[in-house]
1. When the accessible area of the protein assembly as shown is split by element with a 1.4 Å probe, what percent falls to carbon and sulfur?
2. Note down the relative contact order for chain A as a percent, whole number, built from C-alpha pairs under 8 angstrom at least six residues apart.
3. I want the local charge near A:Pro227. Using Cβ-Cβ distances under 15 Å, sum +1 for each Lys or Arg and -1 for each Asp or Glu among the other residues.
4. At a cut-off of 10 Å², which residues of the range A:206-253 become less accessible once all protein chains are present than in their chain alone, using a 1.4 Å probe?
5. Note down the magnitude of the dipole of the range A:22-66 about its Cα centre, charges +1 on Lys and Arg C-beta and -1 on Asp and Glu C-beta and zero elsewhere, to the nearest 20 debye.
6. With +1 on each Lys and Arg Cβ and -1 on each Asp and Glu Cβ, and nothing else charged, work out how big the dipole of the range A:142-270 is about its Cα centre, in Debye to the nearest 20.
7. Over the Cα atoms of chain A, what is the Rg over Rh ratio if Rh follows Kirkwood?
8. Taking the Cβ of B:Phe121 as the center, what net charge do the other residues with Cβ under 13 Å away carry, scoring Lys and Arg +1 and Asp and Glu -1?
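The values are calculated or read from the model by the stated rules, or taken from the named source; none is laboratory data. Computed from a prediction, not measured in an experiment: that's the story for all the values here. With ideal geometry, Cβ positions are generated from the backbone for all residues, glycine too; neighbour counts draw on all protein chains shown. For accessibility, only protein heavy atoms count, side chains too; no ligands or nucleic acids. Shrake-Rupley method; radii C 1.70, N 1.55, O 1.52, S 1.80 Å.
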Amino acid sequence: MIVWWFAPAAFRRAVYNAGYEFEAPSLVLSSQMSDLARYWEMRSRDKNDLIRAGRDTARLAATLQYEVAQNGALKEENARLEKLLGMQERPEFRTVPARVVQRRLSMWWQQIILHKGRADGICEGCPVVNAYGVVGRVRQVFESTCVAELISSPAFRISASIAGVENCAVTYQGAGASPFRAASGKIFDIPADTVFPENAPRLEIVTSGLGGIFPAGLKIGFLAGIPTNTADGIFREVPVELAQRVAAIEEAAILVPVDPGVLKNFVATE
Amino acid sequence: MGEAIRKFFSVGAFYWIPACVIAYIWIFLAGTVSDALSPWNLAIFAPGLLVIVPSLLMPFPRGLAVVLVSGFLFDFSLPIPFEKMDSALFAVGEKLFLFGEMTTVVPAPVGFGVTWLVIFFLALRFLRAYIDLSSPKQWLVCALILNFVVFLLWAFAFSWNELGTFAFWGGFLATAAVSSVFIVLAGWWFFDAVVSLYRLCGIDLVGEREVDEE
């Protein structure tokens, strides 16, 4: 045991990784078993339910197809305008959908294990998102799995902005979660002279895209309180209600930069 | 020499294989239940059970080896950054690793689980005389107490600055209660499975032999 304490960090890291790789197949198997149970549960459903679900999905697909086409056109126009203005190019991503294998949510950590790893091109620092916004960031990558730090984790920080408030870049940080309570976060570094719109509905917090790998405009959550001044009186902070229940996430998308070199610049800054 | 080789490769010498299997199954089970409880932000903390059989029923060197293996497997299952584990050893790590690793972020556990499991293994060895070795009920009570103490140490080490907050104690009590319920529900099965597996593998359980002799 004492030898272990004094062993070089590289050795301990290698042993840790080996231990994790040994453990990973059982986690994946457990997740697949629960998927199989869900499959059999769904098989027992009434055919009318399936027909109804199929009809709803077709309607949704038709709407989304139109929006995809519109987005393509807007993207092209945006790129053209950015080029005209000489703006810096933003990193391009490919999306890797990943199933949640295990959740590790407790008083001390907020993490999920995803079933995509080094073999799928995932690297440390990649953003993890879903339809409701930011989910977290990849923290460790193994051969076929990766560990993502959730947005609710106090170890997760990101540059954000308040929708409807001009020129106000703030910092978002997870605030952890207590048992039987929804996870939350907070934003800070809000300049004390910031004016919040009056009579506005819940103000949305989104990623700012400044100084980080996360693309701009991804939803984080909503302001959930009154801004309070920090001890120095220069800045203010506000609690944030997350846009989604992170504990219930079953599927997420990992954004892998097309140029992996881009990531190295951002990991250190975030 | 021949005797030594025969002893080395005897069936009983491979006691660490069922020990690893048992520890792994228990940790996996706790992780799976934690996953199921995650919507309520609850987790299972139950390494205390892994000390009972090695300390009460196994010869000292074998028991110690089994606890070491179990402790390491427990540590590997924790998603804790390296420097956090150093502070979990009550700041001893700060002095030990002052000139090197403390300043780097290496996600490898330094051994919170293994350290405390070994300490409680030794403590339980001294208390063996006061425990009925043939009573799984008493093993279970020992496991509950031991697990609670390890969890308390864990919570103190990791949340030293939050001890004065209501949220911390609420979370602590909820996690401790859930872990205790898990140990009570799964412990019976676990002890039975462990003893059966060791017997099946032909491994000498000292405690059992002492009870038979009595």
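1. 63 percent
2. The normalised contact order for chain A reaches 18 percent.
3. Local charge sum for A:Pro227: -3.
4. A:Arg245, A:Ala247
5. 320 debye
6. With only Lys, Arg, Asp and Glu charged at Cβ, the dipole is about 220 debye.
7. Result: Rg/Rh = 1.01.
8. Net charge in that neighbourhood comes out at +3.
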